[in-house]
Each structure stands twice: as C-alpha cells, then as structure tokens.
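Visitor: Handing you this structure, nothing more for now.
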Amino acid sequence: MKIKQKKELRRFLIAGIIAVGTDISAYFFMLQYIQHDIAKTISFLLGSIAAFLINKYWTFKKYAKSYMEILSFMVLYTATLGTNVMVNKYLISVTGLIFFAFIIATSVSTVINFIGQKFWVFR
C-alpha cells in the first residue's frame, strides 16, 4: 500500500470514528422516543453528513465545489443506508442485541463506504 493510501485510510478511520460517534449518540438518544428503524435511519444520516464533510476536506483533500461529488455521495450513502438498516434490523431480530447489531451494521457499511468514496466519489 502506498504512503498516500495509508494516510487516507488512517484519516478515513478517524473520520469514521467521529461519524460513528455522531451516529451512535443520536441513535441511542432517539431510541428513547422512536422505533429503532426510524432512529437508525436518522442517526445514519447525521453520521453521513459528518462523514461527507470530514472525508471531503480532510481525508481526500477535495476543496472544489462539486455537485457530482454530492450526488455520488448521496447515491453511495443511500445504498449503504439500506444495507445498514437491514443488517441492523436482521441482527436485532436474530440476537436481540442492539449494540452488537449496531456495530456489525456499521462495520458492513464502513467497508462499502470506503471503497465507494476512494474509487468513485472522491477519485
């Protein structure tokens, strides 16, 4: 792996920790008030906004305004949102473990998001 790719991967992981922190905080807060599918959808979207901003400007250093990047990011995150919510729902139904389901769903979408951002959105 090249030095630039290692740096991007490290930054992506740090950005991911921040985005997941946003996601999980919002998710567990909203679980007190709304059903888990809706809470997961909203929290994922909040984490996605954080991820876009941090990855665009810090991880991949793309400073130009680009509507295509925004559109590509939205398409990618819409796909991973569906994946994230479905994995989360399935694992809750099978295991009953909300935190476990959250971690696995987040891990699956993280892999998809890095590949999509690196090779499609911010190429």
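We did not get these values from a lab; they are worked out from the coordinates using the rules stated. Quantities reported herein were computed from a predicted structural model and do not represent experimental measurements. No Cβ is skipped: glycine too gets one built from the backbone with ideal geometry, and neighbour counts run over all protein chains shown.
Visitor: Using only Cα atoms and rounding to the nearest 10 degrees, what angle (0 to 90) does helix 98-116 make with the longest principal axis of the chain?
Guide: That helix lies at roughly 20 degrees to the long axis.
Visitor: Hey, another quick one. I need the chymotrypsin sites (Phe, Trp or Tyr not before Pro) found in region 39-85, filtered to DSSP loop residues with at most 10 other beta carbons within 10 Å of theirs.
Guide: Numbers: sites: 44, 52, 57, 58, 60, 63, 67, 73, 77; in loops: 60, 63.
Here the chymotrypsin sites (Phe, Trp or Tyr not before Pro) that fit, given the DSSP loop and packing criteria, are 63.
Visitor: Any chance you could give the angle, 0 to 90 degrees and rounded to 10, that helix 67-95 forms with the longest Cα principal axis of the chain?
Guide: That helix lies at roughly 30 degrees to the long axis.
Visitor: Could the peptides 29-38, 88-97 be put in order, highest first, of the mean number of other beta-carbon atoms found within 10 Å of their residues?
Guide: Numbers: 29-38: 12.5, 88-97: 14.2.
For the peptides 29-38, 88-97, the packing ranking is 88-97, 29-38.
Visitor: When the chain is fully extended, how far beyond the present Cα-Cα distance does residue 42 get from residue 79, taking 0.36 nm per residue of separation?
Guide: Working: separation 37, 0.36 × 37 = 13.32 nm, distance 1.47 nm.
Contour length minus the Cα-Cα distance gives 11.8 nm.
Visitor: Taking Rh as the Kirkwood radius computed over C-alpha pairs, what is the Stokes-Einstein D of region 3-121 at 20 °C in a medium of viscosity 1.002 mPa s, expressed in µm² per second? Don't jump to the answer; show the numbers that get you there.
Guide: Working: Rh = 14.5 Å.
Result for D is 148 µm²/s.
Visitor: Which trypsin sites (Lys or Arg not before Pro) does region 1-40 hold that lie in a coil by DSSP with at most 13 other beta carbons within 10 Å? Working shown, then result.
Guide: Working: sites: 2, 4, 6, 7, 10, 11, 40; in loops: 2.
In loop regions of region 1-40 (DSSP not H, G, I, E or B), the sparsely surrounded trypsin sites (Lys or Arg not before Pro) are 2.
Visitor: Taking neighbour Cβ counts within 10 Å as the exposure measure, how do 54, 112 sort from fewest upward?
Guide: If I rank by nearby Cβ atoms, fewest first, I get 112, 54.
Visitor: Now, a different point. With everything on Cα atoms, drop me the angle between helix 36-54 and the longest principal axis of the chain, reported from 0 to 90° to the nearest 10.
Guide: 20 degrees
Visitor: Sticking with this structure for a sec: Just want to confirm a number: the relative contact order over the chain, from Cα pairs under 8 angstrom separated by 6+ residues, in percent.
Guide: On the way: 100 pairs, mean separation 30.3, N = 123.
It comes to 25 percent, rounded to a whole number.
Visitor: Stretch residue 68-residue 33 to full length: gain in nm at 0.36 nm per residue minus the Cα-Cα span?
Guide: Full-extension gain reported as 9.0 nm.
Visitor: What's the extension gain from residue 93 to residue 53 if we count 0.36 nm per residue and subtract their Cα-Cα distance?
Guide: Working: separation 40, 0.36 × 40 = 14.40 nm, distance 3.31 nm.
Difference between extended and current length: 11.1 nm.
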